[in-house]
Amino acid sequence: MNVHRNVQLSELTTIRTGGKVNYFVEVTSIDELKESIRLSRRLMLPLKFLGGGSNIIFPDAYLDMLVVKISMKGISFLENKSQVKAMAGENWDNFVKLCVNHGLQGIECLSGIPGSVGATPIQNVGAYGQEVSDTIKFVNCLDVISLNEISIDKTECGFGYRTSRFKTKDKNRFIITSVVFQLYEQHEPELTYKDIKNAITEIDDYSSLSRLEKLKTVRNKVIKIRRTKSMVINQNDPDTSSCGSFFTNPVLTKQDFENFIGVCDGLNLVPPFYKLNGKFKVPAAWLIEKSGFGKGYSENDVGISARHSLALVNRGGGYNALINLAEKIKSKVKEKFGIKLCEEPVIVRQA
Ligand SMILES: Cc1cc2nc3c(=O)[nH]c(=O)nc-3n(C[C@H](O)[C@H](O)[C@H](O)COP(=O)(O)OP(=O)(O)OC[C@H]3O[C@@H](n4cnc5c(N)ncnc54)[C@H](O)[C@@H]3O)c2cc1C
């Protein structure tokens, strides 16, 4: 395990923030992962784990900590061919592509999401009608405190909309080393999301395609749609200098929703919403736009993507400007609609 000093984190994150970190290691095995934890104890430095850097915002100042990049690789098809184990450091989209090419259904709508396999359970990544928790069987972890390896069944992961126990009560406790997925050899691709359904109905001969061709077609359509929203990382597209959605969609209780509707009536606005397990999900993008922050909004060299009103983009202004803009948006939305927005990415605060 090579220990590096003064590594520039902005080069390892999609939103391109992050100053130099005192210590940095890249681990390629569980033994190295354990060694890195022991190293942080010897150095008495805080530890931070990094996958693909697509959902984390580091301060631009010097960081006196140890950052560990999770790079364990390997994908294996288990006894039952539709069960697949992927090591945490595998690139998520490469994994989706491999599964689709093997005719395995269940994650095709999650094509194009950047980052690593190991980070997907943390916020239960989701897009276009699928969530990763739909196909996770269990998550293998290393307990940072005891250094024991444990397997956590899907039912024990506390999965919810953009959340899990790894993001809440057990935040920083477990390092995900691999994930086992249960995919489907017979199922047709998922076409529940309107944009995908519409794109597919435009294809004349879709129904005559083989199941494998259908899966590949859906994957390609998802990526195509994501590109139009700058949701596929592209060095030539400055709007992809982001963490994807910066805020989660607020989920309101019946009472809070009724209050919100009352506010909207007073403003002559009719909000979009979706029912979710007896609660009401309101699109954060709508709240942000109606609070005066439209697509392409810009201040202090940060702003909102020209193609996606939920994506905050770093145009060179860096961490402080981004956090200030996020706070400004949150307070405007709260003031106008009485709703508190929550950030989706992990924001590392300066010690
Ligand atoms: C352009 C763009 C589009 C996106 N679209 C979507 C989308 O459609 N849907 C969606 O849900 N998300 C989306 N995201 C967010 C992001 O890609 C996902 O959350 C992704 O799973 C993060 O993976 P990562 O490896 O980059 O995590 P990182 O950013 O490296 O880490 C995120 C957090 O997870 C922790 N972590 C990372 N790996 C591990 C591990 N193995 N064990 C324990 N903790 C770990 C880190 O410490 C950090 O706290 C998008 C981001 C971008 C930039």
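The values are calculated or read from the model by the stated rules, or taken from the named source; none is laboratory data. Keep in mind the model is a prediction, meaning the values are calculated, not measured. Cβ atoms come from the backbone with ideal geometry, glycine included; neighbour counts cover every protein chain shown. Please note that ligands, DNA and RNA were not included when accessible areas were found on the heavy atoms of the full protein model with its side chains. Shrake-Rupley method; radii C 1.70, N 1.55, O 1.52, S 1.80 Å.
Overview of results
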read-out	value
Rounded accessible area of residue 41 (nearest 10 Å², 1.4 Å probe)	120
Whole-angstrom gap from segment 239-271 to segment 277-351, using each part's C-alpha centre	12
Spread of Cα-to-Cα distances over 10 Å intervals beginning at zero, given as percent, for segment 3-70	23, 55, 21, 0
Reciprocal mean inverse distance between Cα atoms of segment 125-199 - Kirkwood radius, Å	14.0
Rounded percent of accessible protein surface that carbon and sulfur make up, segment 75-228, 1.4 Å probe	47
Accessible carbon and sulfur surface of segment 238-347 relative to its total accessible area, %, 1.4 Å	48
Residue-count net charge about residue 21 - beta-carbon cut-off 9 Å; Lys, Arg +1, Asp, Glu -1	+2
Cα-only Debye scattering, segment 56-148: base-10 log of I(q)/I(0) at q = 0.10, 0.15 Å⁻¹	-0.31, -0.66
Length-normalised contact order for the chain - Cα pairs under 8 Å, 6+ apart - percent	16
Cα convex hull volume per residue for segment 75-228 (Å³)	105
Ellipsoid semi-axes in whole angstrom, largest first, where each is sqrt(5λ) of the Cα gyration tensor of the chain	31, 29, 19
Accessible area per residue, Å², the chain with all protein chains present, probe 1.4 Å	46
Sequence ranges 140-148, 224-232, 300-308, ranked by mean other-Cβ count within 10 angstrom, highest first	300-308, 224-232, 140-148
Electrostatic dipole magnitude of the chain [Cβ: Lys, Arg +1; Asp, Glu -1; Cα centre; debye, to 20]	540
Set 279/328; 154/275; 194/279; 194/224 screened for pairs whose C-alpha atoms are more than 18 Å apart	279/328; 154/275; 194/279
Share of alpha-carbon pairs per 10 Å distance bin for segment 238-347, given as whole %	15, 47, 28, 10, 0
Residues of type aspartates and glutamates that residue 69 reaches as a straight line, Cα spacing below 16 Å, ignoring anything fewer than 8 places off in the same chain	11, 26, 31, 32, 35, 90
